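Trainee: Sending over a structure as structure tokens; questions will come in a sec.
The values are calculated or read from the model by the stated rules, or taken from the named source; none is laboratory data. Treat the numbers as computed from the prediction; the structure is a model and nothing was measured. All Cβ positions, even for glycine, are placed from backbone atoms using ideal geometry, and neighbour counts span all protein chains on display. All accessible areas refer to the heavy atoms of the entire protein, side chains included, with ligands and DNA or RNA removed. Shrake-Rupley method; radii C 1.70, N 1.55, O 1.52, S 1.80 Å.
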Amino acid sequence: DFMVKVDPDTVLIPDVLKTQLANPPKNPYPPPYTPPASHGVMVTNCDKMASWGAGWGAGWPMMYGSLEIISREAMNMYYARLDECKGSMPWMGMGEDAFMGLCLRHLQVGELFIKNGDNLCGGAACTDKTKAAFHPKKSVGEWLQCLNENRGRQ
């Protein structure tokens, strides 16, 4: 089971996401630890650090806030050990996506990497059938146009 949080200006394609979660691609950025299965997983979706020549670390790849996906086991661990995370990093002033991602890494949950079509992180055309989400689509018209393009309607 997964918890999925989607920003209102994000077009989510549920069938693509369901397929990706059922058959996740190989993670090109595996964490440098072996997480126990009981720790669950989070889904990172932004790897713009690769363009800087960087790999895993310093918060990257990260779980961009337009689409946050966390397994039930990872959420349970997060809530049970939230104070531990707050005591281990300067969390005040962080966005919730950065804090949650860094906390889950501190707790050594597993990671999947599924890139989405977030224009703040490389983006993708709404016609890209390999992406489960597209962001930002700020107006109703732009949001619906993206959905229709993804479905093959103009």
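Trainee: Evaluate E = 1/(1 + (r/R0)^6) for R72 and N119, where r is the Cβ-Cβ distance and R0 equals 35 Å; express this FRET efficiency to the nearest 0.05.
Mentor: Efficiency for this residue pair is about 0.70.
Trainee: If R₀ is 22 angstrom, what is the calculated FRET efficiency for the pair T130 and A37, using the beta carbon separation as r and rounding to 0.05?
Mentor: About 0.25, to the nearest 0.05.
Trainee: Classify region 21-108 as rounded, prolate or oblate, taking a ≥ b ≥ c as the square roots of the eigenvalues of its Cα gyration tensor: rounded when a/c is under 1.5, otherwise prolate if a/b is larger than b/c and oblate if not.
Mentor: Note, shape of region 21-108 comes out oblate.
Trainee: A follow-up question, please. Could you work out the relative contact order of the chain, using alpha carbon pairs under 8 angstrom and six or more residues apart, expressed as a whole percent?
Mentor: Relative contact order here is 35 percent.
Trainee: Quick check on my link table: of K86/K131; K5/K48; K48/K137, which ones sit more than 31 Å apart, alpha carbon to alpha carbon?
Mentor: K86/K131
Trainee: With springs only between Cα atoms under 10 Å apart, run a GNM on the chain and tell me which of D83, D128, D118 wobbles the most.
Mentor: D83
Trainee: Counting only Cα atoms, I'd like the Rg/Rh figure for region 2-151, Kirkwood definition for Rh.
Mentor: With Rg and the Kirkwood Rh in hand, the quotient comes to 0.97.
Trainee: Nearest 500 deg cm²/dmol is fine: what mean residue ellipticity at 222 nm does the chain get from its DSSP H runs of n ≥ 4 alone, each adding -39,500 (n - 2.57), divided by its residue count?
Mentor: -9000 deg cm²/dmol
Trainee: Continuing with this model, one more query. Could you please state how large a percent of the accessible area of region 2-151 is carbon and sulfur, counting protein chains only and using a 1.4 Å probe?
Mentor: 59 percent
Trainee: For region 1-134, what does the accessible surface come to per residue with a 1.4 Å probe? Please give it in Å².
Mentor: 49 Å²
Trainee: Around F134, what is the net charge, scoring Lys/Arg as +1 and Asp/Glu as -1 over all other residues with Cβ under 13 Å from its Cβ?
Mentor: Its environment carries a net charge of 0.
Trainee: Another question about this same structure. What is the extension gain from D83 to D15, computed as 0.36 nm multiplied by their sequence separation minus the C-alpha to C-alpha distance, in nm to one decimal?
Mentor: Taking 0.36 nm per residue and subtracting the Cα distance, the gain is 20.9 nm.
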